[in-house]
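Read through the structure below, which is laid out as structure tokens, and then see the notes.
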């Protein structure tokens, strides 16, 4: 079909069709109802999603604040204790068949463990005391150094 033919076809189709197409009676009632109360339905449907969104954001914010600000340093000391206990156990297993250079190294280790317990007890009263946390880390490092020095001193290593 060429361009002039389509335009003539369209013009003929429009002129031959009915001038007005009347909608059914039920359709007019729905249109009148929608025109008369559009704001009420929109307000009712848009309020609940907003309230649900605000509630979800509030819950998420409260949980975030709780996790960030109420996380005690006790968790830090427990994590540090677990890490050093694992390191200490690994060293003891590694050196269990090697002879120690001194006989009283276990007594020294016990004294360091007593110091560790005392610092942990002090941390229960002041869990966010950074000086106590540093002292605890130093005691743990001294324990590891003692085990290493007694079983594999540097002067014996080439």
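The values are calculated or read from the model by the stated rules, or taken from the named source; none is laboratory data. Given the structure is predicted, the values throughout are model-derived calculations rather than measurements. Counting neighbours? That spans all protein chains shown, and the Cβs are built from the backbone with ideal geometry, glycine included.
Annotation note: Cβ proximity below 7 Å between a residue of region 81-102 that is part of a loop (DSSP other than H, G, I, E, B) and a residue that is at pLDDT 80 or above and surrounded by 12 or more Cβ atoms within 10 Å (Cβ to Cβ) (sequence gap 6+ or interchain) occurs for 95/147; 100/150; 101/150; 102/150. Looking at 34, 60, 73, 56 in this structure, which one is touching a helix residue (DSSP H, G or I) at 6+ places or on another chain (Cβ under 7 Å), modelled with pLDDT under 80 and over 30 Å from residue 150 (Cα atoms)? Being touching a helix residue (DSSP H, G or I) at 6+ places or on another chain (Cβ under 7 Å), modelled with pLDDT under 80 and over 30 Å from residue 150 (Cα atoms) holds for just one of 34, 60, 73, 56, which is 73. The single residue among 121, 106 that is part of a helix (DSSP H, G or I), out of contact with any helix residue (DSSP H, G or I) (no Cβ under 8 Å at 6 or more places or on another chain), more than 26 Å from residue 149 (Cβ to Cβ) and modelled with pLDDT of 85 or more turns out to be 121.
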